[in-house]
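Asker: Quick one: the structure is below, and I'll ask about it shortly.
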Amino acid sequence: MTVAKEPAAEAQRRTEQVALAAFVSYSLLAGGNAVCIRFSNRELAPLWGAGLRFALAAALLLLVMAVLRLPIPRGRALAGAVLYGALTFGGAFALAYYALVRMHAGFGQIVLALVPLATLILAVLWRQERFRTAALAGCLLSLAGIAVMSQAPLRESVPPTSLVAAVGSVLCFAQGALLVRRFPPVHPVAINALGMTAGAALLLAASAVVREQWALPKQAETWLAVAFLVVIGSGVVFVLYVVVLRYWAASRAAYGFVIIPFVTVMLSAWLDDERITAGFAIGGLLVLAGVYVGALRPPVSRPPPSLR
């Protein structure tokens, strides 16, 4: 029996290592997204900027698909990829870009840190996951940290429409993650290539409806921000995100959204004159505790019943 169990245990350990490495990587790399979006919004109209970003990222990933000779999914798998893209890239980012026009990047990312709680609630409602006390405790600890941190980076009033848009973005992110696990699996590159294509089409259509000006950036810092968003913030981050979703429950994978604000607020303080106080450090410790309890702590293993 011991010999038979060892390969399975080793495979499980490697799977966990891959998921953890992808989780940490996407959480850290995504920290620059909100700052770059804010820089992009200073020169580009929000929906146009988001549509341009994901159109370029989709083209990049479609090229990768061709190089890797990845097949285009069909049937329910294709439908899942399109719905994932419509919610995650079309809905979530349309709302996030709009919110970040008048909202500091650090505070906007902190609002997005509500994604794990929203994902947990929706996962239970959709019966994808069972309710876990540890997950709820982790969410509550993280939310307590967010409540403390929100007083650190914000020293200006936020329009109610921006706050509502940010919360709507949270719900789109949460539901998009659940769709990845609900439909047949698709290669992480392929699902993002097709999803970003669908999302870009929706964003550009919305931009045309509201008659935004379509113009390319003129300033070097805007081009740098767009380049980061296309290659790293879209191509790399979301491929890693889907990798995590393949191995972890959606509510667990979503805890990256509460790690991202650390990088975002520090970058925003450096590049966008966003202030950091002791509240950020105190709240950050609570958030880290919540991430550990809800996502990273090894599950308590119960000893098997003794045979008599």
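The values are calculated or read from the model by the stated rules, or taken from the named source; none is laboratory data. For clarity, every value in this text was computed on a predicted model and none was experimentally measured. Heads up, the Cβs are rebuilt from the backbone with ideal geometry, glycines too, and the neighbour counts pull from every protein chain shown.
Asker: Could you pull out the residue among Leu224, Leu203 that is closer than 22 Å to Gly51 by Cα and surrounded by fewer than 20 Cβ atoms within 10 Å (Cβ to Cβ)?
Answerer: Details: Leu203 fails: surrounded by fewer than 20 Cβ atoms within 10 Å (Cβ to Cβ).
The match here is Leu224.
Asker: On to the next question. Cβ-Cβ under 6 Å, sequence separation 6+ or interchain: first residue in the range 125-141 and surrounded by fewer than 14 Cβ atoms within 10 Å (Cβ to Cβ), partner at pLDDT 85 or above and among the aliphatic types (A, V, I, L, M). Which pairs?
Answerer: Phe131/Val124
Asker: Against the conditions (1) buried (at least 19 other Cβ atoms within 10 Å of the Cβ); (2) at pLDDT below 90; (3) among the small types (Gly, Ala, Ser), where does Ala193 fall short? Just the number, please.
Answerer: For Ala193, the exception is condition (2).
Asker: Given the options Val237, Val242, Val231, name the one that is in a helix (DSSP H, G or I), surrounded by fewer than 17 Cβ atoms within 10 Å (Cβ to Cβ) and either in contact with a Pro (Cβ under 6 Å, 6 or more places away or on another chain) or not small (Gly, Ala, Ser) (or both).
Answerer: Working: Val237 fails: surrounded by fewer than 17 Cβ atoms within 10 Å (Cβ to Cβ); Val242 fails: surrounded by fewer than 17 Cβ atoms within 10 Å (Cβ to Cβ).
After applying the criteria, what remains is Val231.
Asker: A further question follows. Look at Ala11 and say whether it is closer than 25 Å to Gly168 by Cα and either at pLDDT 95 or above or of a type outside the set (Phe, Trp, Tyr) (or both).
Answerer: For Ala11, the condition - closer than 25 Å to Gly168 by Cα and either at pLDDT 95 or above or of a type outside the set (Phe, Trp, Tyr) (or both) - is not met.
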